[in-house]
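For reference, the structure is listed below as structure tokens.
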Amino acid sequence: MPIVERALPVPEGQTRDGGSSSTWATGGLVFDDGGRVVLVKHHASSGWADVWVTPGGVLETTERADDAFRREVREETGLDIADMHATRIFRNVFEEPPGKGHPFHFVQFVARAASRKLRPDDAEVREARWFDALPDDMAFREDYVEDFATWREAYRRAPS
């Protein structure tokens, strides 16, 4: 599995703890049998209100990345998932001025939706929607282009 290392500049005060510990999160593409992916929009207070994002979030204490992805997908979309695969790990460093850095690891997944009806029950999510293609206003869109192209047909053909 590829590990992608990168530095991401962020405004001062944006990171949680100034870099004293590493944060782990997970997210990814969830496909239906038609090859569509589900994306969500969060409420304004989340900082992600104006863009579509994949379901996902920060791991809870002692939680494994695959369990966190299942939990976040269920909370943010109401979907159960199956046939899940980790596709890459991002070793990000969020860099704040002046010279502060916060390590942030992200485990990226793809999965097939085992259920179809979108029922977001997370207070953070204001909308969940199926897409035939990755929208231009998707956060970190470039991180998902390869997974979308590689896995779309496989999940389209997958039995329910």
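Summary of values
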read-out: Positive-end extreme of charge dipole, segment 3-157 - chosen from Ala68, Gly57, Phe131 (charges on Cβ); value: Phe131
read-out: Order of Asp33, Asp50 - criterion: other Cβ atoms within 10 Å of each residue's Cβ, fewest first; value: Asp50, Asp33
read-out: Pairwise label distance in nanometres, Ala7 with Asp33, each label 7 Å out on the Cα-Cβ vector; value: 4.9 nm
read-out: Point-to-point label distance, His43-Glu60, nm (Cα→Cβ direction, 7 Å offset); value: 2.0 nm
read-out: Distance between modelled label sites at Arg156 and Arg141, nm, 7 Å Cα→Cβ extension; value: 2.0 nm
read-out: About the Cα centre, charge dipole magnitude for the chain (Lys/Arg +1, Asp/Glu -1 at Cβ), debye; value: 400 debye
read-out: Principal-axis tilt of helix 145-157 within the chain, Cα atoms, nearest 10 degrees; value: 20 degrees
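We did not get these values from a lab; they are worked out from the coordinates using the rules stated. Not measured: the values here are computed from a predicted model. Positions of Cβ are backbone-derived with ideal geometry, glycine not excepted, and every protein chain shown enters the neighbour counts.
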